[in-house]
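The values are calculated or read from the model by the stated rules, or taken from the named source; none is laboratory data. Computed from a prediction, not measured in an experiment: that's the story for all the values here. Note: ideal-geometry Cβ built from the backbone for every residue, glycine included; neighbour counts use all protein chains shown. The protein model used for the area step is the full one, side chains on, heavy atoms only, and it has no ligands, DNA or RNA in it. Shrake-Rupley method; radii C 1.70, N 1.55, O 1.52, S 1.80 Å.
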Amino acid sequence: MAAVKGASRLRFFTAWFCPYAQRAWIALNHHRIPYTPIEALSITEDKGYVKHPVLLQHNPKGLVPTILPAEAEEKGKGAAAPAVFESLLCIEFADEYANEKNLSNKPNLMPKGAFAKAQARIMASWVDRQICSPFYRVLIRKDQKERDDAFAELLANLRVFAKNIHPQGPFFYGTDLSIVDVALAPWAYRFYILEHYRGKGFGIPANDTTLSPYFRWYDAVVELPAVKDTLQDKKKLAAVYERYADASAKSMVGDAVRAGKEAHDI
Ligand SMILES: N[C@@H](CCC(=O)N[C@@H](CS)C(=O)NCC(=O)O)C(=O)O
């Protein structure tokens, strides 16, 4: 599914390898929102980034994903275009934008109802902090015990996630894809990278029955066209993470985790 054609396309600042940007990408695809993808981070020889000047102009941290209105909508308005960033927020934005512009016939990624919405935000943020962030500690921390502890934490939390998947599944809340699924999907696709760089003990155990609902969830998520379109070649993707695995990455996440903070602290 390529970017959908349309008169007024959002500008989507992304990086092909970035799991946070992939969350926004899946949400835009899900609702078939017209967008122009703009590769905004190029990795330099010294493992840092050169960033797209328009990204830097609109997002002070220069992080992807960042979504801007179509250029035409920005012109003549005087004020700087309103930028949308932070991947979980971009997912909610995709729902609201699609509804506002009558673009989608797909269910929203946020559930209905104030309590259900709040619960979904809590759960998506939990996934971000308790499953996605330890992923970076496994790769970036140099101490073996810290790596082991981070992986044990990730696995224990993946079991909690599995246990809380709707009994009929396949998705977290049942038949419809939600923000909670989109929060985890890009990392679930990248778990092989941990085993690739850290060895056998760092694979997600395929025969662990407590993880069965998770494996069923995973198989269903990666088959969705909105997700499939965003999945990168696994060899190419693993190569990008070498700079994390040898702790040389000059990125905000790399700096934070080297300094003993968490990826979600940036
Ligand atoms: N909390 C942010 C994190 C986004 C993020 O870390 N993106 C990375 C790429 S994967 C980035 O833009 N890095 C630029 C940098 O480190 O300077 C979100 O959820 O959107």
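Please identify the helices of the chain, taking whole runs of DSSP H, that span at least 27 Å along their own axis as judged from the Cα atoms and have a mean Kyte-Doolittle score of -1.0 or higher.
Span-like helices here: 144-164.
DSSP loop chymotrypsin sites (Phe, Trp or Tyr not before Pro) in the stretch 209-261 with at most 13 other Cβ atoms within 10 Å of their Cβ, which ones?
Values: sites: TYR214, PHE215, TRP217, TYR218, TYR241, TYR244; in loops: TYR241.
Passing both the DSSP loop test and the Cβ count: no residue.
Mind ranking 13-21, 113-121 by how tightly packed they are, going by the mean number of other C-beta atoms within 10 angstrom, highest first? Don't skip to the end; give the middle numbers.
Values: 13-21: 22.4, 113-121: 13.0.
Highest-to-lowest ranking by the protection proxy: 13-21, 113-121.
Antiparallel as a % of all DSSP beta bridges within the chain, to the nearest 5? Could you put the intermediate results ahead of the total?
Details: 9 of 14 bridges.
In the chain, DSSP labels about 65 percent of beta bridges as antiparallel.
For the stretch 114-265, report the accessible area per residue in Å² (1.4 Å probe, heavy atoms, rounded to an integer). Spell out each step's value before the answer.
Numbers: 6960 Å² over 152 residues.
Here the per-residue accessible area is 46 Å².
Go ahead and set up a Gaussian network model of the chain, Cα springs under 10 Å, then flag whichever of ALA83, ALA249, ALA124 fluctuates most.
Of the options given, ALA83 has the highest mean-square fluctuation.
Report, in listed order, any pair from LYS47/LYS235; LYS47/LYS142; LYS51/LYS142; LYS142/LYS250 with a Cα-Cα distance greater than 24 Å.
Numbers: LYS47/LYS235 18 Å; LYS47/LYS142 18 Å; LYS51/LYS142 28 Å; LYS142/LYS250 16 Å.
In this structure, LYS51/LYS142 exceed 24 Å between Cα atoms.
Could you look at the chain and say what percent of its accessible area is carbon and sulfur, using a 1.4 Å probe and all protein chains? Display every interim value, and only then the final one.
Details: 6940 of 12610 Å².
Looking at the chain in its full context, I get 55 percent from C and S.
On average, how much accessible surface per residue is there in the stretch 10-100, in Å², for a 1.4 Å probe, leaving out ligands, DNA and RNA? Mind showing how you got there, number by number?
Working: 3990 Å² over 91 residues.
That works out to 44 Å² for each residue.
Using only alpha-carbon positions, what ratio does the radius of gyration of the chain give when scaled by 2.2 N^0.38 Å? All intermediate terms of the calculation are to be shown ahead of the outcome.
Working: Rg = 18.3 Å, N = 266, 2.2 N^0.38 = 18.4 Å.
The chain yields a ratio of 1.00.
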